[in-house]
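Student: Just dropping this structure here.
The values are calculated or read from the model by the stated rules, or taken from the named source; none is laboratory data. These figures come from a predicted structure and were not determined experimentally. Methodologically, a virtual Cβ is constructed for each residue, glycine included, from the backbone with ideal geometry; neighbour enumeration extends over all protein chains shown. What goes into the accessible areas is simple: the full protein's heavy atoms, side chains included, and nothing from ligands, DNA or RNA. Shrake-Rupley method; radii C 1.70, N 1.55, O 1.52, S 1.80 Å.
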Amino acid sequence: MDKRVAGKIVEINGPIVTVRLPRVLNGEQVRIGKLGLVGEVIGRDGEQAVVQVYESTESVRPGEDAEPLGHPLAVELGPGLLGNIFDGVQRPLAAIREQSGDHVARGLNIAPLDRTRTWAFEPSKELARGKPVAAGAILGTVQETRTIQHRVLAPPDVEGELVELAGAGEYTVEQVIARVKTADGATRELKLYHRWPVRQARPYRKRDHAAEPLITGQRILDTFFPLLKGGKAAVPGPFGAGKTVVQQQIARWSNAEIVIYVGCGERGNELVEILETFPELTDPYTGRLLMERTLLVANTSNMPVVAREASIYVGVTLAEYYRDQGYDVVMVADSTSRWAEALREVAGRLGQMPVEEGYPAYLASRLAAFYERAGRVETYSGKHGSVSLIGAVSPPGGDFSEPVTSHTKEIVQTFWALSKQLADARHYPSVDWTDSFSGYVNAAAKWWHANVDPRWSERRAEALGLLAQADELARIVNLVGPEALSPAQRWALEGASLVKEGVLQQSALDEIDSFCSPQKQFLLLDLVLDIYHQGQELLGIGVPVQQLLGLPILARARRVKSSYTSKQMEELMGVRREIHEAFVGLQTEYGKPGEKPK
Amino acid sequence: MKEKEYRMSSAARGGLLFLRGVPGVALGDRVVVRDHRGRKRNGQVIRTSDETVLVQVFEGTDDLDLERTWVRFLEEPFEIPLSRDLLGRIFNGIGAPRDGRPPLVSSLKRNVNGSPMNPAARAYPREFIQTGVSTIDGLNSLVRGQKLPIFSGSGLPHNRLAAQIVRQAKLIGEEAKFAVVFAAMGVSYADARFFEEDFESSGVLGNVVMFINLADDPPIERLILPRTALTAAEYMAYDLDLHVLVVITDMTNYAEALREVATAKGDVPSRKGYPGYLYSDLAEIYERAGRVKDRRGSITMVPVLSMPSDDITHPIPDLTGYITEGQIVLSRELHMQGVYPPVNVPPSLSRLMKDGIGKDDTREDHPRVSSQLYAAYARALEVRNLASIIGAEELGETDRQYLEFAKAFEERFVGQHEDEDRSIIETLTIAWQLLSLLPPEALTRVREADLAKYHHYEKTTAKVA
């Protein structure tokens, strides 16, 4: 390699610095100025290169040095990631705090993974000296947290013959645990970690088409607009519609093994909330602390804008790394709009031609390329893993036709549209049942039918039909009043209201209702539809609708969700009997017992 | 270089001064511009290269004669001196005194831009602040370290509400009052005077620092004023261990100044001509609120902004809402009806409320009462809408009860006197009185135990057949 000389800074325009630096590569990292700020080359023009800098460029002056680092933006992948909080370029924020206090100082150079900590490495039994080692081979394991076993992978660019594998014991991430002789005769030393450039998707053997829903414990999501493991979803919503709560609920309760939460240009206090509450919460599937399976990437709105652009890629690369170990990973990105705005800001400073609302022309292709990194795959080691991507979108003014929302809508398969109107009425989660969609319903149905109840599709469709009917009727009511409706129509309105209040609404703050198992989800849905059907029958034999509307069982049905936990299925079944008895009482009063009206 | 003055201005427009041929000037450095009359203006380097330097002049570039304008680079970032003597003083946007007293002298100086707080150093805000205003305490509780803006419109009483919050804000069981940083950008003399008098009459003036830029002061100064004010607030919170309440008014004027400069610089506009970085820029200001681990002080922020044409989707309120932890929205309709404070309940929100209320903080039933009031009022508004079409006589019994509830809610819960300092228990008592207008079956957000304890429903009207 040629030794490249340092260049000079020519111009500073916010986070965009122009340097005179011949032969630097596009995408290469550059350290600039006396402060040693790090950035990456995003354009070349003759002798000059344009660098976007991850930190504030205040007090940097033209004429200072710029030094090419010879590699693109990469992350360190190895044990010690989980439970941690990193900034947008994978610097550990806790270590930054130790060095620079309450505020983030500039020019800090801190390794993402702790160099002093040791890990108990257990070598793989299947590997032996002389055996071939290919990309993604599992060299051994490290118990990273109590729940997660870290599988130490051979980097994707390694292929050769194993010369040496370390025995069981305590190692730091910098110690060599394996030596591989490659085809050209050279020896590669492998450690517990390796580096991977974030803008390049990690390779895998092949895509895997098996389908299994990602259970989030949220009724409107799982039952009505399901997402599959390895799927891509977007949560658009105006401010105050509850985007963050939806995302945090997913991070809390989803049945993924690893959760990566990328706070991209959002509020600092929201990340702190996760940092403070997750260590107290337990995973409903394993009973372990949630923080053991979670890692955070935080670039809050007041942190430098260029690192915000990088944070999404850092997050998804970390997600792919755990996928390659054979885990189901969920990455939540809050918010992709801030990422798009970072793109826009950089593009604007470069004087690129804006297309829609100032966004550069490559917005749509960048978004699509990002979401394409989701998927369920068969890894090089033959395991199955997945990355599910869930991106929040913050449309200005709640206008879903704006560029980021509309492009995202074309890319994702599941679209959870949040509604300001529902949020204002404190109907949470404010997922709008008319604007939302899921392309995974048929695939998810197979799972629900096999594991929960074969009537799932039918019940789901019926509830959505009832909601649509009620929306229609509500328009009539708004014109002429409820008295104009027939008893059957009034009962349909009540049925829809039961679905909304008894099933769709779910309080994140209620200890009992915050998580709802698929079994309980189906039971609640079945319960309210049952009430609706039995009421319809009674109307048929002449029971006045007023009397039905006055039934105390209706208020009871609305409270069932927060009365019994997902474990109290016995009690929940008991409610069904209560309902049945209430209706039998009316039936004997008005008609012959057991007589079914046609 | 520090001593040297340059006369190399090549252009001046919209508060920006372009200089040619001054090498090696650092970004963000402070600049003193001397015009042909010998008057000094303050500036800051906002773009720099080998060839040209762009300086933003806070006092504006009006009647600058390029030939006779001298520029001196101070080789230091924009800093203000800080000491305990800040309290009780009035400054302008760049920290120069406005009260006729001598400038503050201190060896401690800090960069007004601050540096971003490490998320890992933040402590989650969870201490309930009682403002004595029912719509805030009961429905949108403010906690220490939160940023909760007031979204208002021209002619609405946002100033009176902000002043009332300043007067009444306290922690339950704590005597200590908040220290106040008051930052005003582009406000009228009358508004500035109103606050000053209010602080004076309530005896808090000695605990207040004011940073004022009036409507006829240079607009570019508005860009640095909130940063200066927040640097003072951070000093008070983290060096003097004070709990600081920051009132910033009016953020709309700030954003307009930003647009003015962005346009002059030739930045690519995004929505309504505002630059694409408006979000990041506003976040730099708002995110300076908060609490820090192992520090005693805190910064709670109540920014006020007027929504142009009462439009909440306008970029300024819209982006603000995405950054702040909720919003208190004022309603012109309620104001017209004489309700004070005219808080528009449905779109108002406090995101940090959930952890600051309940059994150990306010009262056990508070979260559910709040949710129930919201749900009931939302339903009541639908009924009111319906009644305006088909007439109230056509409504069923429950619907009529909702109508009555809506009226009572607006008059007795939302409405209160400007000097009325309601305790949270008083607020909750009123809430239950109102909920008692509705039958228990309608109240599914509260628990049965809450109903048994607090709900006193009396069926007044005859049952409709």
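Student: Over 23 Å, how big is the tail of the calculated P(r) for the range B:184-278, in percent of all Cα pairs?
Tutor: The share of Cα pairs beyond 23 Å in the range B:184-278 comes to 36 percent.
Student: Working from the pairwise distances between different alpha carbons, so that the mean of 1/r is found and then inverted, what is the range A:33-173's Kirkwood radius in Å?
Tutor: 18.3
Student: Can you compute the charge dipole magnitude of chain B about its Cα centre, using +1 on each Lys and Arg Cβ and -1 on each Asp and Glu Cβ, nothing else charged? Give it in debye, rounded to the nearest 20.
Tutor: That gives chain B a dipole magnitude of about 1100 debye.
Student: If you don't mind, there's one more thing I want to ask. Go ahead and run the numbers for FRET between B:Ser388 and A:Ser457, Cβ-Cβ distance against an R0 of 35 Å, rounding to 0.05.
Tutor: 0.25
Student: At B:Glu333 and A:Asp65, where each label point lies 7 Å from the Cα along Cα→Cβ, what is the point-to-point distance in nanometres?
Tutor: 6.6
Student: Counting only protein heavy atoms and a 1.4 Å probe, tell me what percentage of the range A:456-590's accessible area is made up of carbon and sulfur.
Tutor: 54
Student: Restricting to Cα atoms and excluding each atom paired with itself, what does the Kirkwood estimate give for the range A:456-590 in Å? The partial results should precede the final answer.
Tutor: Numbers: mean 1/r = 0.0646 Å⁻¹.
The answer is 15.5 Å.
Student: In percent, how large is the relative contact order of the range B:366-454, given Cα pairs closer than 8 Å and 6 or more residues apart?
Tutor: 43
Student: In Å², what does the accessible area per residue of chain B work out to with a 1.4 Å probe? Let's see the in-between values first.
Tutor: Values: 17120 Å² over 465 residues.
That works out to 37 Å² per residue.
Student: With the radius of gyration and the Kirkwood radius both derived from the Cα set of chain B, what is their ratio Rg to Rh?
Tutor: Across chain B, the Cα-based Rg/Rh ratio is 1.05.
Student: Taking a quarter of the surface of the Cα convex hull of the range B:366-454, what do you get in nm²?
Tutor: Orientation-averaged projected area of the Cα hull: 6.0 nm².
Student: Assign one of three labels to the range A:444-502, namely rounded, prolate or oblate, based on the Cα gyration tensor with a ≥ b ≥ c the square roots of its eigenvalues; rounded applies when a/c is under 1.5, prolate when it is not and a/b is larger than b/c, and oblate otherwise.
Tutor: prolate
Student: Rg to Rh for the range A:114-192: what is it, with Cα atoms only and Rh by Kirkwood?
Tutor: Ratio of gyration radius to Kirkwood radius for the range A:114-192: 0.97.
Student: For the range A:218-352, just list the percent of Cα-Cα distances falling in each 10 Å bin from zero outward, please.
Tutor: In whole percents, the pair-distance histogram is 12, 40, 36, 10, 2, 0.
Student: How big is D, in µm² s⁻¹, for the range B:1-150 by Stokes-Einstein at 20 °C and 1.002 mPa s if Rh is the Kirkwood radius over C-alpha pairs? Mind showing how you got there, number by number?
Tutor: Numbers: Rh = 18.6 Å.
Answer, rounded: 115 µm²/s.
Student: Restricting to the range A:221-360, what percent of DSSP beta bridges are antiparallel, rounded to 5?
Tutor: Working: 1 of 13 bridges.
The antiparallel fraction comes to roughly 10 percent.
Student: Next question, about the same structure. Can you give the Rg and Dmax of the range A:162-289 based on its C-alpha atoms, in angstrom?
Tutor: 20.4, 60
Student: Let me ask something else. In chain A, what % of DSSP beta bridges are antiparallel (nearest 5)?
Tutor: Working: 66 of 93 bridges.
Taking every DSSP beta bridge with both residues in chain A, the antiparallel ones total about 70 percent.
Student: In whole angstrom, how far apart do the alpha carbon centroids of the range A:43-60 and the range A:228-263 sit?
Tutor: Value for the Cα centre distance between the two parts: 34 Å.
Student: Which value in deg cm²/dmol, rounded to the nearest 500, describes the helix-derived mean residue ellipticity at 222 nm for the protein assembly as shown, given -39,500 (n - 2.57) per DSSP H run of n ≥ 4 and division by the residue count?
Tutor: For the protein assembly as shown, the value works out to -10000 deg cm²/dmol.
Student: Provide a list, ordered by number, of residues in the range A:76-103 showing at least 50 Å² less accessible area with every protein chain present than when their chain is taken on its own, using a 1.4 Å probe.
Tutor: So the qualifying set is A:Arg97, A:Asp102, A:His103.
Student: Also: To the nearest 10 degrees, how steeply does helix A:336-349 sit against the main Cα axis of chain A, on a 0 to 90 scale?
Tutor: 40
Student: Within chain B, what's the longest stretch lacking trypsin sites (Lys or Arg not before Pro) that sit in DSSP loops with no more than 12 other Cβ atoms inside 10 Å?
Tutor: It runs B:40-295.
Student: Okay, moving on. With the Cα gyration tensor of the protein assembly as shown giving a ≥ b ≥ c as the square roots of its eigenvalues, does the rule (a/c under 1.5 for rounded; else a/b larger than b/c for prolate; else oblate) give rounded, prolate or oblate?
Tutor: Because a/c hits 1.5 or more and a/b fails to exceed b/c, the protein assembly as shown counts as oblate.
Student: Rounded to the nearest 0.05, what FRET efficiency do A:Glu511 and B:Ser202 give with R0 = 56 Å and r taken as the Cβ-Cβ distance? Could you check?
Tutor: Details: r = 42 Å, r/R0 = 0.74.
Calculated value: 0.85.
Student: Post the alpha-carbon centroid distance, the range A:456-493 to the range B:69-106, in whole angstrom.
Tutor: Each part reduced to its Cα centre gives a spacing of 66 Å.
Student: What translational D, rounded to a whole number of µm²/s, comes out for the range B:5-76 from Stokes-Einstein when the hydrodynamic radius is the Kirkwood one over Cα pairs, at 20 °C and 1.002 mPa s?
Tutor: In µm²/s, the coefficient is 185.
Student: Additional query: Using a Cα-Cα cut-off of under 29 Å, which lysines could be cross-linked to B:Lys354, ignoring same-chain neighbours fewer than 8 residues away?
Tutor: Once the sequence-local lysines are set aside, what remains near B:Lys354 is A:Lys243, A:Lys420, A:Lys500, A:Lys520, A:Lys561, A:Lys567, B:Lys147, B:Lys170, B:Lys177, B:Lys293, B:Lys407, B:Lys453.
Student: Placing unit charges on C-beta atoms (Lys and Arg positive, Asp and Glu negative, everything else neutral), compute the dipole magnitude of the protein assembly as shown about its Cα centre in debye, rounded to 20.
Tutor: Value, rounded to 20: 2040 debye.
Student: Leaving out ligands and nucleic acids, note down the accessible area per residue over the range A:450-598 with a 1.4 angstrom probe, in whole Å². Mind dumping the intermediate values first?
Tutor: Values: 6800 Å² over 149 residues.
Computed with neighbouring chains in place, this is 46 Å² per residue.
Student: Still on this model: Rounded to two decimals, what is the ratio between the C-alpha radius of gyration of the range A:175-241 and 2.2 N^0.38 Å?
Tutor: Output field value: 1.91.
Student: What FRET efficiency comes out for A:Ser563 versus A:Asn26 if R0 is 45 angstrom and r is the Cβ-Cβ distance? Round to the nearest 0.05.
Tutor: 0.15
Student: At a probe radius of 1.4 Å, what is the per-residue accessible area of B:Ser202, in Å² to the nearest 10?
Tutor: We get 50 Å² for B:Ser202.
Student: Sticking with this structure for a sec: Can you say what percent of the DSSP beta bridges in the protein assembly as shown, counting only those with both residues inside, are antiparallel? Round to 5.
Tutor: If I count the DSSP bridges inside the protein assembly as shown, around 65 percent turn out antiparallel.
Student: For A:Lys229, give me every one of the aspartates and glutamates with a C-alpha distance below 17 angstrom, ignoring sequence neighbours fewer than eight places off in its own chain.
Tutor: A:Asp208, A:Glu212, A:Glu257, A:Glu320, A:Asp324, A:Asp328, A:Glu372, A:Glu378
Student: Place a +1 charge on the Cβ of each Lys and Arg in the range A:456-590 and a -1 charge on the Cβ of each Asp and Glu, then give the dipole magnitude about the Cα centre in debye, rounded to the nearest 20.
Tutor: Using only the charged Cβ atoms, the result is roughly 180 debye.
Student: For the range B:81-355, what is the Kirkwood hydrodynamic radius in Å, using each pair of distinct C-alpha atoms?
Tutor: One over the average 1/r among Cα pairs gives 18.7 Å for the range B:81-355.
Student: Would you pull out the residues with amide H under 5 Å of B:Glu76's amide H, same chain only if 5 or more places away, H placed 1.01 Å from N?
Tutor: B:Arg30
Student: As a test question: what accessible area, to the nearest 10 Å², does A:Ser337 have when a 1.4 Å probe is rolled over all protein chains in place?
Tutor: Probe radius 1.4 Å; accessible area of A:Ser337 about 0 Å².
Student: Quote the accessible area belonging to A:Lys181 in square angstrom, nearest 10, computed with a 1.4 Å probe and with ligands, DNA and RNA left uncounted.
Tutor: We get 100 Å² for A:Lys181.
Student: Please give the residues of the range A:316-354, grouped as numeric ranges, whose backbone N is less than 18 Å from a label point set 7 Å along the Cα-to-Cβ vector of A:Arg195.
Tutor: The answer is A:317-318, A:321.
Student: May I pose another question? Hey, if you put +1 on the Cβ of every Lys and Arg and -1 on every Asp and Glu Cβ in the protein assembly as shown, which of A:Gly398, B:Asn213, A:Ile260 ends up farthest toward the positive end of that dipole?
Tutor: A:Ile260
Student: With every protein chain kept in the model, how would you rank A:Lys446, A:Lys500 by accessible area, 1.4 Å probe, largest at the top? Each step should come with its number before you reach the end.
Tutor: Working: A:Lys446 150, A:Lys500 55 Å².
Result, largest first: A:Lys446, A:Lys500.
Student: DSSP H helices in chain B with Cα extent of 27 Å or more along the helix axis and mean Kyte-Doolittle hydropathy at least 0.0?
Tutor: B:366-390
Student: Still on this structure, please answer the following. Note the full-extension length gain between A:Lys446 and A:Asp157 as 0.36 nm times their separation in residues minus their Cα-Cα distance, in nm to one decimal.
Tutor: The A:Lys446-A:Asp157 span can extend by a further 100.2 nm.
Student: What full-extension length gain, to one decimal in nm, is calculated for A:Ala468 and A:Arg117 as 0.36 nm per residue of separation minus the Cα-Cα distance?
Tutor: Result for the pair: 120.6 nm of gain on full extension.
Student: Please report, for the Cα atoms of chain A, the Rg to one decimal and the Dmax as a whole number; what are they, in angstrom?
Tutor: My reading of the Cα-based Rg and Dmax gives 27.9, 97 Å.
Student: What's the carbon and sulfur percent of the range B:366-454's accessible surface, probe 1.4 angstrom, rounded to a whole number?
Tutor: It is 50 percent, rounded to a whole number.
Student: Please give the Cα centre distance for the range B:352-378 versus the range B:278-343, rounded to the nearest Å.
Tutor: Answer, in whole Å: 21.
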